[in-house]
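Okay, so here's the structure we're looking at.
Laboratory data are not the source of any read-out in this text; all were calculated from the coordinates shown. The model shown is predicted, which means the values in this text are computed figures rather than measured ones. Note: ideal-geometry Cβ built from the backbone for every residue, glycine included; neighbour counts use all protein chains shown.
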Amino acid sequence: MTTKAAQILVVIPHPDDAEFGAAGTVARWIRKGKEVVYVVCTNGDKGTSDPEMTSARLAKIREKEQRAAAKVLGVREVVFLRYPDQRLEDTPKFRKDIVRAIRQFKPDTVVTCDPYKRYTTHRDHRITGQVTLDAVYPTARDLLAFPDLIEQGFLPHAVKEVFLWGADEPNYPSDITDTFELKIAALLYHKSQFGNRPTLEIVERVKQWSKMSVEGKDYELAEAFYRFESFR
């Protein structure tokens, strides 16, 4: 199995989560020449209050929105696992899907949501974060884990570092002052998620979050992560 490596793998529960949590940092990495791949775990087919919408139609809309948002940022590839929204479970099959992606793209850095955020986290976020962490270490690294993947050419890979967004106690503010507009441009492609809310309201809310993440640094806007080096 030969696939061109990507330095960054971003694993997200739903279409739009990367844009809210990490798109400014993704844009900055891409500007520096790094290649980024998204793995979208669910099809987002429950995320609507429109009584005329169906799950099947919404899934197609959200996939199209995610492709457009990723293109704005310069993301190289988007992998859709298409699990049903709100129905993710910590299963060997799901973990294997993430292990396969890690072994296929061989990233130095994996980015996902913090599964340990208290009280307010969507269950798909908790499960995505936990399964991704379990896939990073030790499963993607270990030769005898999922031997059928070895037979398919997906050889073990050790990730160097992990970035978790949405952490209660972040330790890594990422300067997105110069890429904030790109973050917003990508985010606004997710029109199905905003209903009748004015664009300005959305932008101002995201800007306030970004200002809160700076914490006295000498730049204006940031995305906050908990960063750690993976066990190798």
(request) With an 8 Å cut-off on Cα pairs and a minimum separation of 6 or more residues, tell me the relative contact order of segment 83-232 in percent. (result) 28 percent
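Calculate the translational D of the chain in whole µm² s⁻¹ from Stokes-Einstein, where the hydrodynamic radius comes from the Kirkwood formula applied to all Cα pairs, the temperature is 20 °C and the viscosity 1.002 mPa s.
Rounded to a whole number, D works out at 120 µm²/s.
Within 10 Å of each residue's Cβ, count the other Cβ atoms and sort Thr25, Thr128, Thr3 from fewest upward.
So the ranking, lowest neighbour count to highest, is Thr3, Thr25, Thr128.
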(message) Can you compute 3J(HN,Hα) from phi for each residue in segment 211-223, using the Karplus curve 6.51 cos²θ - 1.76 cosθ + 1.60 with θ = phi - 60°, rounded to whole Hz and x for Gly and Pro?
(response) 5, 5, 7, 6, 6, x, 6, 8, 10, 8, 9, 8, 10
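Can you give the extra length, in nm with one decimal, that the chain gains between Glu220 and Asp168 once fully stretched, where that is 0.36 nm per residue apart less the Cα-Cα distance? Please report the intermediate quantities before stating the final value.
Details: separation 52, 0.36 × 52 = 18.72 nm, distance 2.06 nm.
Taking 0.36 nm per residue and subtracting the Cα distance, the gain is 16.7 nm.
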(message) So if I take the centroid of the Cα atoms in segment 1-57 and the same for segment 195-232, what is the distance between those two points in Å?
(response) 17 Å
(request) May I ask you to sort Val10, Val162 by Cβ crowding, counting other Cβ atoms within 10 Å and putting the fewest first? (result) Val162, Val10
(message) Below 15 angstrom from the Cβ of Tyr226, what's the summed charge of the other residues (Lys, Arg +1; Asp, Glu -1)?
(response) -3
(request) State which entries of Lys96/Lys191; Lys46/Lys217; Lys93/Lys207; Lys64/Lys207; Lys34/Lys96 exceed 27 angstrom in Cα-Cα distance in the structure shown. (result) Lys96/Lys191; Lys46/Lys217; Lys93/Lys207
(request) With a cut-off of at most 14 other beta carbons within 10 Å, and DSSP calling the residue loop, which trypsin sites (Lys or Arg not before Pro) in segment 118-224 qualify? Please list them. (result) Arg118, Lys160, Lys217
(message) Can you give me the distance in nm between label points at Ile202 and Glu151, each placed 7 Å from the Cα along the Cα-to-Cβ direction?
(response) 4.6 nm
(message) Using Cβ counts within 10 Å as a stand-in for footprinting exposure, how do His190, His157, His14 rank, fewest first?
(response) His157, His190, His14
(request) Pop out the ³J(HN,Hα) list for segment 138-154 in order, Karplus 6.51 cos²θ - 1.76 cosθ + 1.60 with θ = phi - 60°, rounded to Hz; leave Gly and Pro as x. (result) x, 5, 5, 7, 8, 4, 8, 7, 6, x, 5, 5, 4, 4, 7, x, 8
(message) Please list, ordered by chain and number, the residues whose modelled amide H lies under 5 Å from the amide H of Val39; skip anything fewer than 5 residues away on the same chain.
(response) Val10, Val11, Ile12, Val79
(request) Highest first, please rank the peptides 145-153, 71-79 by the mean number of other Cβ atoms sitting within 10 Å of their residues. (result) 71-79, 145-153
